[in-house]
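To start, the structure under review is shown below, and the notes come after it.
The values are calculated or read from the model by the stated rules, or taken from the named source; none is laboratory data. No experiment lies behind these values; they were computed from the predicted model shown. Note that each Cβ is placed from the backbone with ideal geometry, even for glycine, and that neighbours are counted across all protein chains shown.
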Amino acid sequence: MTSAEAPALLVENVVKTYRGGTVRALDGVSLSVERGETLGIIGPNGAGKTTLLGCLLGFLRPDSGTVTVDGRAPDDLAVRAYTGYLPERLVLDRWMSGTEFLEYHHALAKLDATARKADCAAALERVGLDRAAGLQRIGKYSRGMLQRLGLAQALLGDPRLLFLDEPISGVDPAGVLLFRKLLAEMSSQGVTILVNSHQLAEVERICSRVVFVKKGRIEAMETVRAGAASARVLRARFAAHAPWPPAREGETPAALLARIATECDATWLEYTAPDARFRVPDDAGATRLLSALLAAGLPLIEAAPDEGRLERLFAPGAEVRS
């Protein structure tokens, strides 16, 4: 197998324990990640996800088994040179400005000094931070600004391998859309991306495959279509005790929802008070449906993509699928 054909990441029967071997954080994990793949890692708290990321990044050494990146050890300096990492807990030098922080890490990465200011200005712009934000002290940044700055640092040097740990934590909707766009662009350019997140709807949107980790093992896999613009399921929640508008003679609430959905080129799937589920053709279809529900006077209080597909992996007895 040539290096071009080999997987970007290969994990073979990795075991990692703590407390003198009494706590088994990873228990025989094997995983192959292809080049250009966007892989999601999900699972309950304490499942071993963070330990797995630590082994993949070379921060932790397995008790047994192997982790290789392009056939090399994950802490090989050649691998580090093209790896970007956004940790879940950002500990930044709060006295620095955003620009100074990026320039410092640009220098640590031994990138071209003559392009340093231009590269860092471009990195800020890329994540939606303007020049004024770059001049501001990090200690005054909001949580969302910190996430954007952390991503900008991870993207310095145009990494071929990118690790993101809860990347949209504290990020506003505009930031989520920006992160989504950036990851789609990088994936199309062949960057291998690993995302650890509890945001199941976002994981399903941006990842091509998802692995479910539980008790130190990979319990299930799901192949998903990242960024699909095709039909998706929308869950709508209505106020439990608020009155509904007068219905047509003999029309039940479910029939009313089905009729409104049909008029919007959507499909009503089920209604179990206070929630209803619909299949919509795309984001524009979801907007049309929600507008119609509100226009009909229904007491709609919440709407979100249905996370049921990945949520089911958290149920006992989930089977591996690919």
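Those residues that are closer than 21 Å to Leu178 by Cα and either assigned to a helix (DSSP H, G or I) or small (Gly, Ala, Ser) (or both), I need them from region 129-145; list them, please.
Hits for region 129-145 are Arg131, Ala132, Ala133, Gly134, Ile138, Ser142, Arg143, Gly144, Met145.
Can you list the strands (runs of 3 or more DSSP E) found entirely within region 166-263 that contain at least 3 residues being more than 21 Å from Asp282 (Cβ to Cβ)? If you could, list the steps in order and put the result at the bottom.
Numbers: elements: 192-196, 209-214, 217-223, 232-238.
The qualifying strands (runs of 3 or more DSSP E) are 192-196, 209-214, 217-223.
One line per residue, one yes/no per condition, for (1) assigned by TED's automatic domain parsing to the domain that holds Glu202; (2) over 21 Å from the mean Cα position of the chain (by Cα); (3) part of a strand (DSSP E or B):
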{"residue": "Glu12", "(1), (2), (3)": "yes, yes, yes"}
{"residue": "Val15", "(1), (2), (3)": "yes, yes, yes"}
{"residue": "Gly28", "(1), (2), (3)": "yes, yes, yes"}
{"residue": "Ser32", "(1), (2), (3)": "yes, no, yes"}
{"residue": "Gly36", "(1), (2), (3)": "yes, no, no"}
{"residue": "Asn45", "(1), (2), (3)": "yes, no, no"}
{"residue": "Thr51", "(1), (2), (3)": "yes, no, no"}
{"residue": "Pro62", "(1), (2), (3)": "yes, yes, no"}
{"residue": "Thr68", "(1), (2), (3)": "yes, yes, yes"}
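Within region 234-264, which residues are surrounded by fewer than 12 Cβ atoms within 10 Å (Cβ to Cβ) and free of Cβ contacts under 8 Å to residues at least 24 places away in the same chain?
Correct list: His241, Pro246, Arg248, Glu249, Gly250, Thr252, Thr262.
Each row is one residue, and each column tells you yes or no for (1) acidic (Asp, Glu); (2) modelled with pLDDT of 90 or more; (3) surrounded by fewer than 17 Cβ atoms within 10 Å (Cβ to Cβ).
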| residue | (1), (2), (3) |
| --- | --- |
| Thr38 | no, yes, no |
| Ile42 | no, yes, no |
| Gly58 | no, yes, no |
| Asp75 | yes, yes, yes |
| Val79 | no, yes, no |
| Arg89 | no, no, yes |
| Glu100 | yes, yes, yes |
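Filter region 79-128 down to residues that are in a loop (DSSP other than H, G, I, E, B) and touching an Asp or Glu at 6+ places or on another chain (Cβ under 6 Å) and give me whichever is farthest from Asp172 (Cα to Cα). If you could, list the steps in order and put the result at the bottom.
Initially, region 79-128 is screened for residues in a loop (DSSP other than H, G, I, E, B), giving 81-82, 87-96, 109-112, 127-128.
Filter again for touching an Asp or Glu at 6+ places or on another chain (Cβ under 6 Å), leaving 87-88.
Numbers: Pro87: 18, Glu88: 16 Å.
This residue is Pro87.
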